[in-house]
Amino acid sequence: MILVSVCGLMLAACTSEPPAAPAPSAAQRPAAGDHRLTVDVGGKQRAFLLHAPPGYTGDRPVPLVVALHFYPGSGERLRAMIEMDAKADEHGFLVAYPDGIAGGFNALICCGAEDDVAFLKALTGRLIAGWRVDADRVYATGISNGGDMSFRAAIEATGVFAAVGVVSGGYGGPKTEAAGFVPAKPVSVLSIVGGADKYYDIFDAGLKKWRERLRCRPLPVPPPVTDGVERSRTRCADGSDVEVYVVTGMGHAWPGAKSGELALPDAPIVATDLLWDFFAAHPRLR
C-alpha cells in the first residue's frame, strides 16, 4: 500500500539500476534457466520473467511463486532484491516476475488502470497448461504496490492462488469497504510489515478487517519468537490461515534483502525464507 513512489521514500537507492542480469531466453517450452515470456491479455502482450531451477524439464508438477514488484519498479528489479531464485533452486519451484504497466500494478490503491487480475490469471494459466505447474500450489507474493496486488488477486482471481505472502503491503482502499470483498475460496495469508512503516496503521486495520470477515480464531505461536518481532497466527472459518510478523523497528522494506530500493539486510527475519516455508505448508484447500 504505497501512495508515493519508492524513489520518493529512498532517493539515494534509486539513483542507479541494479547490474544487468544475463539476457533471458525466449524459450516457449519447459526448460531450466531464465526466460522472458509474454501472454495476451485483452489484445495486449504482457511480459514476465520466468526462472526455472536447474534440472527442471517439465516432466513433473512443480509449485509456482508469482512475485509482484513495488511502484515504480519492474520484475527484474524485484528479482535482484529478494533472491527468490536461490530458494527456487534449492526447493525445485518456478518463479514468475510480471512487469506492471508504467512501473505499477492496478492494485487496491494505485497504480494504473490495467486489468492486472486478468494478467495474473493468464500468466498462471499458461504455466499450468504448458510448464507443468501444480494448480494446487500456486502462490503470489509482493511488496508495497505488489503486496496490495497480491491481496486483490487473492480475492478476484478466484481459485488461482492457494496462499499469498504480502511484505510491506496491505488490504485497504475503497474496494475493501464492501464486506463481501473476501476470497470465495480459501486463500491463506502471510503478512510481514514494519511497526515503523508510515502505512502500518492501514495494514493493521486491514488485517483486523480480513480476520473478522473470515471469522479467524487465534492459534498458538510456536517458539522461538525472535527478538524485535511480534508474531500472531489465526485459523479462519474456511480453513485458511493468517500469519502475521510485525518487525517492530522496520519501515517500508523487505526484511533480509541484501540490496535494492527496499532492502533491509540487518533485519531479525528473512522474508524470502518465511514466505517459502509458509507456501510449502499451504497447498490449495479443497
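Read-outs throughout are calculated quantities, based only on the coordinates presented, and are distinct from any laboratory measurement. All of these numbers come straight from a predicted model, not from anything done at the bench. As a convention, Cβ positions derive from the backbone with ideal geometry for all residues, glycine included, and neighbour counts pool all protein chains shown.
Values as computed for the structure displayed
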item: For the stretch 157-174, Karplus couplings with θ = phi - 60° (6.51, -1.76, 1.60), whole Hz, Gly/Pro x; result: 8, 4, x, 7, 9, 6, 7, 10, x, 10, 10, 6, x, x, 9, x, x, x
item: Long-range amide H partners of residue 111 with built H, under 5 Å; result: 105, 106
item: Most mobile of 127, 49, 219 in a GNM of the chain (Cα contacts under 10 Å); result: 219
item: GNM result for the chain, Cα springs below 10 Å: residue of 107, 31, 154 fluctuating most strongly; result: 31
item: Inter-centroid distance (Cα atoms) of the stretch 250-286 relative to the stretch 202-233, Å; result: 16 Å
item: Rough spin-label spacing in nm, given labels placed 7 Å along Cα→Cβ, for residue 91 and residue 285; result: 2.0 nm
item: 3J(HN,Hα) from dihedral phi, the stretch 118-132, Karplus parametrisation 6.51/-1.76/1.60, rounded to Hz, x for glycine, proline; result: 4, 4, 5, 5, 5, 4, 5, x, 5, 6, 5, 6, x, 10, 6
item: Estimated FRET transfer efficiency when R0 is 45 angstrom, pair residue 248-residue 129 (beta carbons, to 0.05); result: 0.55
item: Nonlocal amide H pairs with residue 191, under 5 Å, H built at 1.01 Å; result: 166, 243, 244, 245
item: Net charge over other residues, Cβ less than 12 angstrom from the Cβ of residue 169 (K, R count +1; D, E count -1); result: -1
item: Straight-distance crosslink candidates among aspartates and glutamates, where the alpha carbon sits under 13 Å from residue 121 and sequence neighbours closer than 8 are dropped; result: 40, 156
item: Per-pair calculated FRET efficiency, R0 = 35 Å: residue 29 and residue 230 via Cβ, rounded to 0.05; result: 0.15
item: GNM top mover of 83, 261, 177 - the chain, alpha-carbon springs below 10 Å; result: 177
item: Compactness of the chain as Cα Rg over 2.2 N^0.38 Å, two decimals; result: 0.92
item: Relative contact order of the stretch 31-280, pairs being alpha-carbon contacts under 8 Å that are 6 or more residues apart, as %; result: 16 percent
item: Extended-chain gain in nm, criterion 0.36 nm per residue less alpha-carbon gap, residue 212 and residue 38; result: 58.8 nm
item: Given charges at Cβ of Lys, Arg, Asp, Glu: the stretch 31-280 dipole, positive-most of 58, 246, 187; result: 187
item: Positive minus negative residues near residue 116 (Lys, Arg vs Asp, Glu; Cβ under 13 Å); result: -1
item: Table column - 3J(HN,Hα) (Hz), the stretch 266-280, Karplus curve with 6.51, -1.76, 1.60, x for Gly and Pro; result: 9, 5, x, 10, 10, 4, 4, 5, 5, 4, 5, 4, 5, 4, 4
item: Net charge contributed by nearby residues that have their C-beta within less than 13 Å of residue 268 (K/R +1, D/E -1); result: -3
item: Per-peptide average of other Cβ atoms within 10 Å, ordering 93-103, 67-77 highest first; result: 67-77, 93-103
